[in-house]
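Every read-out reported here was derived from the displayed coordinates using simple, explicitly stated rules and does not represent laboratory data. Here the structure is a predicted model, which is why all the values come from computation and not from measurement. As a convention, Cβ positions derive from the backbone with ideal geometry for all residues, glycine included, and neighbour counts pool all protein chains shown.
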Protein chains: 2
Amino acid sequence: MEHRSRAIENSVVVPWRQYESSALPPLLQVALDCFVEHGYHGTTIRTVAQRTGLSVPGLYHHYPSKQALLVSIAQFAMEDLLRRSHAALTEAGTSAEERLHLLVECLVLFHAHRSEVAFIAASEIRSLEEDARAAHIASRDEQQRMVDDIIYRGTAEGLFTTEYPRETSRAIVTMCTGVAQWYRRDGALSPEELAHRYVAIARAALGQSNR
Amino acid sequence: MEHRSRAIENSVVVPWRQYESSALPPLLQVALDCFVEHGYHGTTIRTVAQRTGLSVPGLYHHYPSKQALLVSIAQFAMEDLLRRSHAALTEAGTSAEERLHLLVECLVLFHAHRSEVAFIAASEIRSLEEDARAAHIASRDEQQRMVDDIIYRGTAEGLFTTEYPRETSRAIVTMCTGVAQWYRRDGALSPEELAHRYVAIARAALGQSNR
């Protein structure tokens with residue numbers, strides 16, 4: 001019930017297919033660029049400050065530590081993804097077929113458009129301190145459960161014929177989030193074209209006819 | 001031709017389904033543990049030396065730098081995976097169906113049994129210096145091409161009916177390598193059980209009947 005009411009509320013305001021070129025607050029964007037280039041542990045707060053044009057105390061005024069920058073980036077990424085996912089499900093309505101379709105579309109669009117933030121969120125989880133790490137894992141679990149719920153229901157309804165709904169759900173989420181590891185904007189497919197194909201692949205993996 | 005002769009040569013000696021509990025040379029295993037806990041940039045050569053019981057100069061005698069440790073781990077991982085993959089393909093023979101089956105089995109077994117080394121190889125690619133990074137990416141591309149070749153041939157033969165062989169091949173490799181990100185040995189499925197299910201999922205994704 002909680003998810004549903006959040007989703008309904010969000011659907012009014014979240015254009016989940018739209019991506020601005022830059023969504024992170026500017027200081028976090030600079031920190032993200034540094035983490036992508038040097039890794040979290042290889043980045044110093046001084047480097048981030050220099051690139052932003054702030055002094056180190058000036059940067060600390062906004063973010064009290066390097067850890068706070070990483071936590072904010074990871075939070076931003078997961079909140080953005082979950083908000084978009086709830087909006088996609090609301091648009092989809094109650095049909096398991098449509099819910100799967102829009103949620104896979106949403107996952108692929110996010111991990112193609114936001115590949116850098118998603119890559120850092122995935123590869124630097126171990127660098128998050130305990131509470132932030134637990135919160136991040138809880139958000140990822142929530143995302144996985146959204147897909148699980150659709151697939152369990154669709155399987156129960158006979159829409160999906162897979163013998164392995166649990167593992168197929170994991171495989172689908174992994175192939176969608178994995179887009180962040182290899183997707184390049186100068187590649188052959190736009191995020192939208194890729195999403196369209198991944199929907200077809202996910203449906204096939206679940207044993208659903210494409211017609 | 002080169003692959004084929006390498007594969008035949010390997011098939012005699014590579015028991016590709018077997019995993020020893022520890023395969024890395026001991027010094028590399030200690031370095032891997034440190035990289036998993038602290039990241040590459042967060043690990044000092046002193047920490048690695050202390051854990052191995054060597055002095056820093058003693059460690060440098062074996063590996064001249066921290067970078068050499070990471071390069072050796074990444075090389076070890078990719079060589080091990082490619083050797084196993086060629087052996088699996090040799091065992092499979094010429095049938096595209098059997099080649100897909102054994103190669104997916106091989107990919108899942110490796111990423112479940114060797115999840116730590118695979119995770120570091122994937123998340124610290126950016127920490128590899130230029131030549132080592134290029135070599136690592138070339139090995140990953142070779143792995144992807146092995147799957148591509150099977151899927152292109154199976155699609156041409158009508159065995160696989162997917163409209164999107166290229167993207168499905170990428171999705172299959174990503175879901176298999178992604179196992180390293182989430183697989184836990186104390187989970188519900190053994191690596192072998194998981195591999196069995198992933199073979200079924202991959203075949204379904206390609207539009208191949210399970211009968």
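Per residue of peptide B:170-180, the mean number of Cβ atoms on other chains within 10 Å of the residue Cβ is 6.
Between copies, A:Glu20 shows label-point distances of 5.5 nm, shortest first, with the point placed 7 angstrom from Cα along Cα to C-beta. Over the Cα atoms of the protein assembly as shown, Rg to Rh with Kirkwood Rh, two decimal places? Ratio of gyration radius to Kirkwood radius for the protein assembly as shown: 0.97.
Using C-alpha pairs below 8 Å separated by at least 6 residues, the relative contact order for chain B is 24 percent.
Charging the Cβ of each Asp and Glu at -1 and of each Lys and Arg at +1, and nothing else, the dipole of the stretch B:114-201 about its Cα centre rounds to 200 debye. The label point for B:Arg166 and the one for B:Glu193, both projected 7 Å from the Cα toward the Cβ, are 3.9 nm apart. Computed packing ranks the peptides A:183-194, B:119-130 as B:119-130, A:183-194, most packed first, by mean other Cβ atoms within 10 Å. Between copies, the label points of A:Gly158, set 7 Å from Cα on the Cα→Cβ line, lie 3.0 nm apart, reported in increasing order to one decimal in nanometres. Shielding by partners for peptide B:183-191, expressed as the average number of C-beta atoms from other protein chains within 10 Å of each residue's C-beta, is 1. For the segment A:122-128, counting C-beta atoms of other chains within 10 Å of every residue's C-beta and taking the mean gives 4. Once the dipole of the protein assembly as shown is set up with Lys and Arg at +1 and Asp and Glu at -1 on Cβ about the Cα centre, which of A:Ala156, B:His101, A:Gln75 lies farthest towards its positive end? Result: A:Gln75, furthest along the dipole toward the positive end. Placing a label point 7 Å from the Cα of B:Arg46 along the Cα-to-Cβ direction, the distances to the matching points in the other copies come to 1.7 nm, shortest first. Each of the peptides A:39-49, A:96-106, B:47-57, B:105-115 was scored by the mean count of other Cβ atoms within 10 Å over its residues; in descending order, highest first, they stand as B:105-115, A:96-106, A:39-49, B:47-57.
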